[in-house]
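Reading through the structure tokens given below for one structure.
The values are calculated or read from the model by the stated rules, or taken from the named source; none is laboratory data. A quick note: this is a predicted structure, and the numbers were derived from the prediction, not measured. Neighbour counts are summed over all protein chains in view; Cβ atoms, including those assigned to glycine, are modelled from backbone coordinates with ideal geometry.
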Amino acid sequence: MPENSLLCVFGQANPSLTADGWIGRFSSDKLPSHLFSKPKPYLIMKRIMLLCLTAIAMSGSHSLYAQSSKSDFMSDDKSLFEEVTGIKKKTDKFNLYLNMHGDFNMKWNESGFDQGAFEMKQLRIEMKGNINDWLSYRYRQRLNRGNDGSGNIDNVPTSIDYAGIGVKLDKFSFFAGKQCTAYGGIEFDVNPIDIYEYSDMIENMNNFMTGLNVAYNYNPYQQIQFQVLNSLNGPSKKMYGDLERTKLPLVYTLNWNGNFLDVFKTRWSASVMNETKGEKMYYYALGNEFNFNPQWHAYFDWMYSREGVDRKGIITRMIGGDLNHNVFNAEYMSYVLHVNYRFAPKWNLFAKGMYETASVYKSSDEVEKGKYRTAWGYVGGIEYYPMETNLHFFLAYTGRSYRFTDRAKALGEDNYSTNRVSVGFIWQMPVF
């Protein structure tokens with residue numbers, strides 16, 4: 001999931017700190033204020049060559065600089081280009097980032113130890129900037145996902161999260177193009193590289209689609225957004241099966257972002273989506289952030305989805321059988337609680353709990369009404385921030401437990417649990 005940044009002017013290239021900003025993760029767009037002497041031309045060429053080699057090395061390993069605790073490399077969140085060339089970046093028209101989440105995972109299931117392997121969980125390139133005081137742009141693409149968008153409704157591959165322009169007019173701002181849905185929830189708004197495990201609700205969503213967002217900041221602490229996007233990336237049949245498609249495949253979202261003395265913040269939303277002909281999805285999300293003091297921070301998200309046709313697909317996968325379309329009348333609810341404790345300037349402890357249900361709210365197609373599954377999730381670990389950037393190393397544990405009701409077990413489902421221990425790094429590397 002992307003970060004839209006709480007209370008930012010939507011579409012601006014310089015958002016304020018997101019929900020995790022309290023622990024010292026500086027805004028990705030913050031520019032340095034240091035001055036550098038102008039180097040000679042031959043030194044510039046040497047440094048540019050070193051920049052290219054460094055970028056290649058950094059994309060595959062983080063240990064080059066982490067081993068030197070006394071180094072001020074990348075201090076004050078300077079870009080890699082500035083560090084290597086010694087040339088101060090004086091424009092905000094072009095900013096380039098590499099979003100990385102890489103780790104080594106050891107996984108267990110009901111049968112015991114399953115696998116241990118390295119994984120690049122997130123790898124996204126991002127470009128954004130302010131052309132002037134009213135025009136901005138943003139582009140972000142996943143490098144570990146396919147790039148064929150020829151069959152999609154907007155002709156854009158699903159690997160692209162953002163591709164659009166922003167316009168600011170006094171208290172109003174607009175963003176047009178491919179973008180993230182303006183759903184509520186604090187975790188939904190965090191940069192995806194910072195999430196160790198999403199809830200099933202978010203994991204099974206399609207969150208990046210093409211359309212228009214309009215935001216109104218009626219004071220510095222309160223913002224309303226209204227957004228209209230396509231409700232599909234690919235064909236309706238691929239999403240829902242053999243059901244008659246709607247002629248207006250759109251999703252409408254109303255979003256409220258509030259800030260109360262920097263102690264309590266909200267990100268609430270209500271959405272209605274046209275799924276297939278005559279069927280709609282209603283989605284509500286209430287995100288609540290609490291900043292108790294500089295050490296303690298927490299957020300609590302509640303999400304509820306009532307779907308005329310099962311868009312998440314969780315219930316449909318349980319039913320299986322000879323149905324040629326997704327089941328009707330699916331219902332999902334999710335609770336997420338995350339707590340951070342910054343017990344030292346460079347160290348953070350975190351814990352997270354998730355509780356989710358999957359149900360059918362009305363019988364149809366021989367699918368019985370009632371609850372089918374309860375899912376529990378628990379995540380905990382420790383993070384180390386060696387520099388004044390959002391680079392951090394982590395050790396984390398993730399556990400998931402799935403419990404099925406008798407009606408689901410009659411369809412062949414069995415209770416199961418999974419466990420994972422991960423060690424790795426997370427960094428939104430400012431390349432330029």
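General remarks:
- On inspection, N144 passes the criterion of being exposed (fewer than 15 other Cβ atoms within 10 Å of the Cβ), of a type in the set (S, T, N, Q) and touching a residue at least 12 places away in the same chain (Cβ under 8 Å).
- Filter pass, P345 being exposed (fewer than 15 other Cβ atoms within 10 Å of the Cβ) and either in contact with a helix residue (DSSP H, G or I) (Cβ under 8 Å, 6 or more places away or on another chain) or under 15 Å from F188 (Cα atoms) (or both): no
- Residue list for region 360-380, filter: over 19 Å from D301 (Cβ atoms) and either among the hydrophobic types (A, V, I, L, M, F, W, C) or crowded, with 18+ Cβ neighbours inside 10 Å (or both): V360, V367, Y372, R373
- Scanning region 291-318 for residues that are buried (at least 18 other Cβ atoms within 10 Å of the Cβ) and in a loop (DSSP other than H, G, I, E, B) yields D310, R311, K312.
- Residue ID - nearest to the chain's Cα centre (by Cα), chosen from residues in region 298-338 that are of a type in the set (S, T, N, Q) and within 16 Å of K362 (Cβ to Cβ): S305
- Residues within region 160-170 that are part of a loop (DSSP other than H, G, I, E, B) and modelled with pLDDT of 95 or more, tallied: 0
- Filter result (surrounded by fewer than 19 Cβ atoms within 10 Å (Cβ to Cβ) and in contact with a strand residue (DSSP E or B) (Cβ under 9 Å, 6 or more places away or on another chain)) within region 401-412: S401, R403, T405, R407, L411
- Qualifying residues in region 261-290 (those that are at positive phi and not small (G, A, S)) - the one surrounded by the fewest Cβ atoms within 10 Å (Cβ to Cβ): L261
- Boolean, S359 is within 27 Å of E279 (Cα to Cα), more than 24 Å from the chain's Cα centre (by Cα) and among the hydroxyl-bearing types (S, T, Y): yes
- Of all residues making up region 368-418, the number that are part of a loop (DSSP other than H, G, I, E, B) and closer than 30 Å to R306 by Cβ: 9
- Some residue of region 227-250 being under 28 Å from H338 (Cβ atoms) and either touching a residue at least 60 places away in the same chain (Cβ under 8 Å) or surrounded by fewer than 18 Cβ atoms within 10 Å (Cβ to Cβ) (or both): no
- When residues of region 319-346 are limited to those that are β-branched (V, I, T) and part of a strand (DSSP E or B), the one nearest to I202 (Cα to Cα): V336
- The set of residues in region 104-121 that are in a strand (DSSP E or B), in contact (Cβ under 8 Å) with a residue 40 or more places away in the chain and out of contact with any Gly (no Cβ under 8 Å at 6 or more places or on another chain) comprises W108, N109.
- Test result for Y183, part of a loop (DSSP other than H, G, I, E, B) and modelled with pLDDT of 95 or more: yes
- Residue in region 180-223 that is nearest to the chain's Cα centre (by Cα), counting only those that are of a type in the set (A, V, I, L, M) and more than 24 Å from G234 (Cα to Cα): V190
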